[in-house]
Amino acid sequence: MQTFTKQTLRIFWQHAKKYPWHVFGISAGVVGHLLLNNYNPILFKKVVDILSVGSAKTNLEPVFKIITLMFFVSLTRMIFARSYNFLNNFFQPRVMADLNNTCFNYLQKHSYAFFNNSFVGSLVTKVKRYERAFEQIADQLIFELGKTFLETLIILVVIFLQNTTMGLILLTWAILYIIFSYYYSLYKLPYDIKRAAADTQVTAQLADSITNNVNIKTFSNFTFEENRFAKTSHTQFKLRKKSWDLGTIGDIIQAFSMIVVHFILLYLALKFWQNDIITLGTIVLLETYLFRLFDKLWNVGKNIRVIYEAMADANEMTEILIKPLEVTDVPNAQKLAVKSGAIEFKNVSFGYHKDQDVLNNFDLAIKPGERVALIGPSGGGKSTIIKLLLRFFDLNGGEILIDGQDIYKTQQDSLRAQLSLVPQDPILFHRSLIENIRYAQPEAKDSEVVKAAKLAHAHEFISSFPDGYNTLVGERGVKLSGGERQRVAIARAILKDAPILVLDEATSSLDSESEQFIQDALKSLMQGRTTIVVAHRLSTIMQMDRIVVIDGGKIVEQGKHEELLKIREGLYQRLWEIQAGGFTAA
Ligand code: ADP
Ligand code: MG
């Protein structure tokens, strides 16, 4: 798996630098806080030095002066700390929200194929992890690692000024310690990335299995799913354990080096004191500083690890954010202008996989206002033709023209604005019915929505709900039946009022009443529009001006119902005989 550390940091920085004054204020606050924080032990050293010579017994005045100063130092330090906290309370949540928006906007622009190849659940997790990753990295850089680095620097300088030998020993140790922590974390990084990938796998499988809960029940495959999930979570367990074990081993090495350097420095300090090279106060200062230093540096390895773990978490989203969009407008793409609604597929070649064409030199011309039914056996390429007309994919060759304009050279939004699509199995937002219908035209008045719903024969069932148009439809629209969802989709298409209508007819056997409703709805919808219908029902096919029989990505027959029936041994005739009364092939 590739790592995108640099790209992640660049994206985070691009978002953070929009708030330069906050970044500056927080940094200045941290520096001020740390300088004051390490000034107090120096003052206290002076207190100890005065107390150790004994003269203070008669005159405490100088000592009182020092502790008064310490009081004001602490007070100022607190003001610094709380100020940068307030700045940060704006900074981090704001940047996290900005990142969320960036992820949301870019994700939505990815292609139809991209979403077909991704798990919804894991995409959601990736976005959630991304903002968390920023928070953790910012915390580390500002408050943990940043502070540790500065504090170490200050302490080293002060110890050096007190005694060069001790300063050198501490400096050498600190350098070795930090180098070790850094490289150990790098060594551990690949294990962290694998762990993150395993987490994603678990989440994705969880989402997929929960979505397919009905399938699991109907096929009584609980044990199969249980084993499958247990296997994934066992992999996650093993990778987690490996990554945690490596963490513990690093801790052991760090702790050992601290114990040793502490002993050496204290031993030396006592020797120097004995020879009057340093004072008692310096020993107290050294011990205070060492205590702080160890406390801060103890976490360096963990902090670096948190950064890298956050990087690993962010990796997958960065990959999506730097991935070029699959389907894009050509430079200077024009708006599609539809006057009459003529559609022409010219020499179109397309395949979902490189070496396998679904359509090969496919030609089909549809006159303005013509109503065409696409029929044929399942897998023939009917839905693909519709997806290409909507430009969900790019072509391998040929062109598709609407009123003479190559749709792949026009703006995608302007193309889709001219097409009304009623998909085979419409998905609805988990919002109210009125919002779902109005989606086609956000400015539509309530009365217009109701009018469209009436034409689509959706008004009848909507009014029968206690909450009417305000009924929430459930995730993906599950609370409605297939026929009801389709009528909502038809109402939406009526409201959109686009010149070209594209319909992938539902195969689900609708009861004859809702079929009648849908036929009526379709009739009003097709009025005066160029229409392409992937048709299964005879009642729909009979309404059409032309029937195009598609098999293996090619047009094998076309004409009117009666003409096609006359073709001896024709595919239409055969399908007709198998399914007298209607075509139900998907
Ligand atoms: P129809 O609608 O006529 O049943 P489709 O256009 O859906 O046929 O499918 C045509 C061929 O393309 C089939 O072989 C199908 O397996 C394949 N196909 C359809 N959608 C995809 C996809 N998203 N990825 C890969 N192959 C696909
Ligand atoms: Mg299909």
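Derived scalar couplings between HN and Hα for the range 4-17 equal 10, 3, 4, 5, 4, 4, 5, 4, 4, 5, 4, 6, 6, 6 Hz in order, rounded to whole Hz, by the Karplus curve 6.51 cos²θ - 1.76 cosθ + 1.60 (θ = phi - 60°), x for Gly and Pro. Along its three principal directions, the equivalent ellipsoid of the chain from the Cα gyration tensor extends over semi-axes of 72, 25, 22 Å, largest first. Using the Karplus relation 6.51 cos²θ - 1.76 cosθ + 1.60 with θ = phi - 60°, the per-residue 3J(HN,Hα) values for the range 125-139 come to 4, 4, 5, 4, 5, 5, 5, 4, 4, 4, 4, 5, 5, 5, 4 Hz, with x marking Gly and Pro. Measuring with a 1.4 angstrom probe and ignoring ligands and nucleic acids, W298 comes out at about 80 Å² accessible. In the context of the full protein assembly, S447 retains an accessible surface of approximately 80 Å², using a probe radius of 1.4 Å and ignoring ligands and nucleic acids.
With the simple spin-label model, which puts each label point 7 Å out from Cα in the Cβ direction, the F237 to Q7 separation comes to 3.5 nm. Please list, by residue number, every one of the chymotrypsin sites (Phe, Trp or Tyr not before Pro) in the range 301-396 that is coil in DSSP and has at most 15 other beta-carbon atoms within 10 Å. Answer by residue number: Y352.
Quick one: angle between helix 446-455 and the longest Cα principal axis of the chain, in degrees between 0 and 90, rounded to 10, please. The two axes meet at around 40 degrees. Annotation: average projected area of the range 51-164 is 12.2 square nanometres, based on the convex hull of Cα atoms across all directions.
How much accessible area per residue does the chain have, in Å², with a 1.4 Å probe? It amounts to 52 Å² per residue over the chain. In straight Cα distance, which lysines are under 19 Å from K354, not counting same-chain residues fewer than 8 positions off? Correct list for K354: K387, K554. When a 1.4 Å probe is rolled over the protein heavy atoms, the share of accessible surface on the chain that falls to carbon and sulfur comes to 60 percent. Just the Kirkwood number for the range 210-347, please: inverse of mean 1/r across all distinct Cα pairs, in Å, one decimal. Roughly 23.0 Å, rounded to one decimal. Using only Cα atoms, find the angle between the long axis of helix 20-37 and the longest principal axis of the chain, and express it within 0 to 90 degrees, rounded to the nearest 10. With rounding to tens, the tilt is 30 degrees. Straight-line reach from K451: taking Cα to Cα under 16 Å and skipping same-chain neighbours fewer than 8 places apart, the lysines in range are K496, K523.
Spatial offset of the range 364-422 relative to the range 39-66 amounts to 88 Å, using the alpha carbon center of each.
Only lysines eight or more places from K188 in sequence, or on another chain, were considered; those with a Cα closer than 17 Å are K238, K241, K242, K302.
For the chain, the longest principal axis of the Cα atoms and the long axis of helix 39-53 meet at an angle of about 20 degrees.
In the chain, the sites counted are GluC sites (Glu not before Pro) in DSSP loop states with at most 11 other Cβ atoms within 10 Å, and the longest stretch holding none of them, exclusive of the sites, is 1-442. With a threshold of 23 Å on the Cα-Cα distance, the over-threshold entries among K339/K367; K367/K409; K335/K454; K109/K231; K45/K296 are K335/K454; K109/K231.
The spacing between the range 246-322 and the range 459-475, judged by their C-alpha centroids, is 64 Å. Between the range 562-577 and the range 4-18, the alpha-carbon centres lie 63 Å apart.
Between R568 and N212, the contour length at 0.36 nm per residue exceeds the Cα-Cα span by 123.7 nm.
Using per-residue counts of other Cβ atoms within 10 Å, averaged over each peptide, order 87-96, 495-504 from highest down.
Highest to lowest by the protection proxy: 495-504, 87-96.
Values of log10 I(q)/I(0) for the range 272-398 across q = 0.14, 0.18, 0.21 Å⁻¹ run -0.87, -1.10, -1.27, by the Debye formula with one identical scatterer at each alpha carbon and no solvent.
The values are calculated or read from the model by the stated rules, or taken from the named source; none is laboratory data. All values reported here derive from a predicted model rather than from experimental measurement. Counting neighbours? That spans all protein chains shown, and the Cβs are built from the backbone with ideal geometry, glycine included. Accessible surface is based on the protein model in full, side chains and every heavy atom, while ligands, DNA and RNA are left aside. Shrake-Rupley method; radii C 1.70, N 1.55, O 1.52, S 1.80 Å.
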